[in-house]
Amino acid sequence: QVQLVESGGGWTQAGGSLRLTCAATGSIFSINRMGWYRQAPGKRREMVAVITSAGDRNYGDFVRGRFTISRDSAKNTAYLQMDSLKPEDTGVYYCNAEEGSVVVGRFLELWGQGTLVTVSS
């Protein structure tokens, strides 16, 4: 069983920074893409940032250079550095990952439990 464990959420004022960490644990064969999604109250979940096993990155339009996603493949861990935070960045941030391979005959989509990020004005 593979699980995603998130940490690093919390509170900050507008213009501040937070760093989120997502670690995959358990019987891992291969972690492919890893990413972060967020959901604000009353809104749909949206993609924040995704990084592939090759290191290719994709960001939501609202990021606009403020966030950086990275990963340590040896540790099966992804990071989201968030700078210049705005009140509209407030929400629950969820880690997402795909684990598996054609070699083992499975591809699992995993979600973390979510971590709350609050940005005050």
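The values are calculated or read from the model by the stated rules, or taken from the named source; none is laboratory data. These numbers were taken from a predicted model, which means no experiment stands behind them. We place every Cβ from the backbone using ideal geometry, glycine too, and count neighbours over all the protein chains shown. Just so you know, the surface numbers come from the protein's heavy atoms only, side chains and all, with ligands and any DNA or RNA stripped out. Shrake-Rupley method; radii C 1.70, N 1.55, O 1.52, S 1.80 Å.
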Exercise. Quick check: is even one residue across the stretch 51-62 without any contact (Cβ under 8 Å) to a residue 24 or more places away in the chain, open to solvent by less than 40 Å² (accessible area, probe 1.4 Å) and within 19 Å of Gly16 (Cα to Cα)?
Worked result: no
Exercise. Given the conditions (1) under 24 Å from Ser101 (Cβ atoms); (2) outside any strand (DSSP E or B); (3) of a type in the set (Val, Ile, Thr), which single one is not true for Val50?
Worked result: (2)
For this session: Under 8 Å between Cβ atoms, at least 6 apart or on separate chains: pull out the pairs that start in the stretch 95-111 with a residue that is of a type in the set (A, V, I, L, M, F, W, C) and end on any residue that is open to solvent by less than 20 Å² (accessible area, probe 1.4 Å) and not in a strand (DSSP E or B).
Result: Cys95/Gly112
Problem set entry | Where a residue in the stretch 27-39 is of a type in the set (S, T, N, Q) and its partner, wherever it lies, is part of a loop (DSSP other than H, G, I, E, B), with Cβ under 9 Å and at least six apart | Ser27/Gln1; Ser30/Ser53; Ser30/Val103; Ser30/Val104; Asn32/Thr52; Asn32/Ser53; Gln39/Arg45; Gln39/Gly114
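Among Gly60, Gly42, which is the only one that is more than 28 Å from Gln1 (Cβ to Cβ) and out of contact with any strand residue (DSSP E or B) (no Cβ under 8 Å at 6 or more places or on another chain)?
On the way: Gly60 fails: out of contact with any strand residue (DSSP E or B) (no Cβ under 8 Å at 6 or more places or on another chain).
The match here is Gly42.
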For this session: Tell me, yes or no, whether the stretch 44-61 has at least one residue that is at pLDDT below 95 and charged (D, E, K, R).
Result: no
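For every residue, the table says whether it meets (1) among the charged types (D, E, K, R); (2) in a helix (DSSP H, G or I); (3) open to solvent by 10 Å² or more (accessible area, probe 1.4 Å); (4) on the phi < 0 side of the Ramachandran plot.
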position: Tyr37; (1), (2), (3), (4): no, no, yes, yes
position: Lys43; (1), (2), (3), (4): yes, no, yes, yes
position: Ala78; (1), (2), (3), (4): no, no, no, yes
position: Gln81; (1), (2), (3), (4): no, no, yes, yes
Problem set entry | Conditions (1) within 13 Å of Cys22 (Cβ to Cβ); (2) open to solvent by 70 Å² or more (accessible area, probe 1.4 Å): number failed by Val48 | (2)
Exercise. Assuming Phe29 fulfils every condition listed in (1) open to solvent by 70 Å² or more (accessible area, probe 1.4 Å); (2) within 20 Å of Ser121 (Cα to Cα) apart from one, which condition is it?
Worked result: (2)
